[in-house]
1. When residues of segment 38-54 are filtered for being free of Cβ contacts under 8 Å to residues at least 40 places away in the same chain and open to solvent by less than 30 Å² (accessible area, probe 1.4 Å), how many remain?
2. Can you say whether Phe85 is within 16 Å of the ligand (Cβ to nearest atom) and either at negative phi or under 15 Å from the mean Cα position of the chain (by Cα) (or both), as far as the supplied structure shows?
3. Among the candidates Val77, Val98, which residue alone is within 18 Å of Lys143 (Cα to Cα), part of a strand (DSSP E or B) and open to solvent by less than 10 Å² (accessible area, probe 1.4 Å)?
4. For residues that are of a type in the set (Lys, Arg) and outside any helix (DSSP H, G or I), scanning just segment 1-37, find the one that is least open to solvent (accessible area, probe 1.4 Å).
5. Using the structure shown, decide if Lys360 is exposed (fewer than 14 other Cβ atoms within 10 Å of the Cβ) and either under 18 Å from Arg300 (Cβ atoms) or not hydrophobic (A, V, I, L, M, F, W, C) (or both).
6. In segment 278-315, what residues are in a helix (DSSP H, G or I), in contact with a helix residue (DSSP H, G or I) (Cβ under 8 Å, 6 or more places away or on another chain) and either open to solvent by 60 Å² or more (accessible area, probe 1.4 Å) or within 24 Å of Pro80 (Cα to Cα) (or both)?
7. Is it the case that segment 256-269 has a residue that's within 19 Å of the chain's Cα centre (by Cα) and at negative phi?
8. List the residue pairs whose Cβ atoms are under 8 Å apart, where the first residue sits in segment 267-281 and is under 20 Å from Thr184 (Cβ atoms), the second is assigned to a loop (DSSP other than H, G, I, E, B) and among the hydroxyl-bearing types (Ser, Thr, Tyr), and the two are 6 or more positions apart or on different chains.
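The values are calculated or read from the model by the stated rules, or taken from the named source; none is laboratory data. Values in this document were obtained by computation on a predicted structure and should not be read as measured data. Heads up, the Cβs are rebuilt from the backbone with ideal geometry, glycines too, and the neighbour counts pull from every protein chain shown. Heavy atoms of the whole protein, side chains included, go into the accessibility calculation; ligands, DNA and RNA do not. Shrake-Rupley method; radii C 1.70, N 1.55, O 1.52, S 1.80 Å.
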Amino acid sequence: MKIPIFKLKFSNSEIRDFQSKVSQALKSDSISNGGFTKKFENEFAKINKSKYSIACSSGTAALQIAFEAINIKNFEVIVPTNTFFGTAIPVLKAGGKVVLCDNDFNSPEVSFLDIKRKVTKNTKAVCIVHVGGWIHKDILKIKRFCKRKNIYLVEDAAHAHFASQNKIFSGNFGDIGCFSFFPTKVMTTGEGGMIVTKNKKLYKKMLSLKNFGRSSNPLILSEIGMNFKISEFNSCLGLIELKRVKSRIKKRKKISELYQRKLLKKKFKVLINKNSNSSHYKCIVSSEIPYAKIKNNLKRYKIALTGKVWEVPLHKQKIFLKSKINLNSDFSNADEFSKKHFCPPNYPELSFSEVERICKILNNT
Ligand SMILES: *Cc1c(COP(=O)(O)O)cnc(C)c1O
């Protein structure tokens, strides 16, 4: 039996619920950025205990709006090298300079020590990624540090919907939090993103940046923005997803715990952060066994691993040679970690018996 890289199922009643919302939208004269989008924003903010929320067209768009709002043009932004390129592109598009930082040793998380080392007079923001759905273990220290230095803290929470630490939800630690609703993520709208903030001024500016940069007079621009709005159909799906996301996170958690119990400790270490309530987007396993061997062995049984976090750290992207990025710093922890981990499938559509089968095969690698 094949276990693919990704599955996404909706029940018949969820599909009917979606169709009925879509029919309502189609009869409403407003099929972009209307009532369903407002409702989706409000319900997301309510669950996440966020003050303001803005739905937009992707996680990458959310980050671009965030960086434009805090005006990083010609300033430096600290970004982990161990992230998806969707974290760095928005910094460059907003006219900022990316300053990459290394991981902690044997960890997917960016090193706070390296952040402190790389902050300069020109640093405008630090961007933290909650890799795999765990809140960064040093987030409170990083938050205090940014405050002291008068630097913005932006959270790339693309993996970390409704994750929390000390009852604070992901996206609410920093000045701005950005989420992704790409289909493989914790919840989806097809394509889409969400921005959260508690700062009214930033909220107003980001609302404008998402909508071309319009001022209160829609004929007059106050910013050079973009069109990052979403259709009502995306928001209809978002509302369906919000109803089931908590139970899907629970299932991800159970799958991760099963991996933890069943994988042989002397071969595999399931990485966890006991101080954080993860979204369990990824189950991250570190191992000394070569990745190709693990991958090929599973492939013989038609089992696909999900994407690593990450296989190609940003400092390895040759295209960035054209940008002013510090590709030549020491990234040895990131290089090492990229080779020594893998992510077994843990989407909610998996059955526990499938997970046990994957463990058995891994244990025999
Ligand atoms: C998915 C992802 C993004 C980008 O989100 P999109 O909705 O695909 O644009 C950004 N950062 C991280 C860490 C991601 O995993």
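1. Keep residues of segment 38-54 that are free of Cβ contacts under 8 Å to residues at least 40 places away in the same chain, which gives 38, 42, 46.
Those still in the list that are open to solvent by less than 30 Å² (accessible area, probe 1.4 Å) too: none.
The number of residues fulfilling the criteria is 0.
2. yes
3. Working: Val98 fails: within 18 Å of Lys143 (Cα to Cα).
Of the residues listed, the single one that is within 18 Å of Lys143 (Cα to Cα), part of a strand (DSSP E or B) and open to solvent by less than 10 Å² (accessible area, probe 1.4 Å) is Val77.
4. As a first pass, look at segment 1-37 and keep what is of a type in the set (Lys, Arg): 2, 7, 9, 16, 21, 27.
Narrowing further to those that are outside any helix (DSSP H, G or I): 2, 7, 9, 27.
Working: Lys2: 136, Lys7: 52, Lys9: 123, Lys27: 167 Å².
In this case the residue turns out to be Lys7.
5. Working: exposed (fewer than 14 other Cβ atoms within 10 Å of the Cβ): yes; either under 18 Å from Arg300 (Cβ atoms) or not hydrophobic (A, V, I, L, M, F, W, C) (or both): yes.
Yes; evaluated as a whole, the condition is true for this residue.
6. The first filter runs over segment 278-315 and keeps only residues in a helix (DSSP H, G or I), leaving 291-300, 314-315.
This time we only want the ones that are in contact with a helix residue (DSSP H, G or I) (Cβ under 8 Å, 6 or more places away or on another chain), so: 291, 294, 297-298, 314-315.
Hits for segment 278-315 are Tyr291, Leu314, His315.
7. Here is the first cut: in segment 256-269, the ones within 19 Å of the chain's Cα centre (by Cα) are 256.
After this cut, where a residue has to be at negative phi as well, the list is 256.
Looking for residues that are within 19 Å of the chain's Cα centre (by Cα) and at negative phi, one finds at least one in segment 256-269, hence yes.
8. Sorted first by the residue in segment 267-281, then by its partner, the pairs are Leu271/Ser107; Ser279/Ser170.
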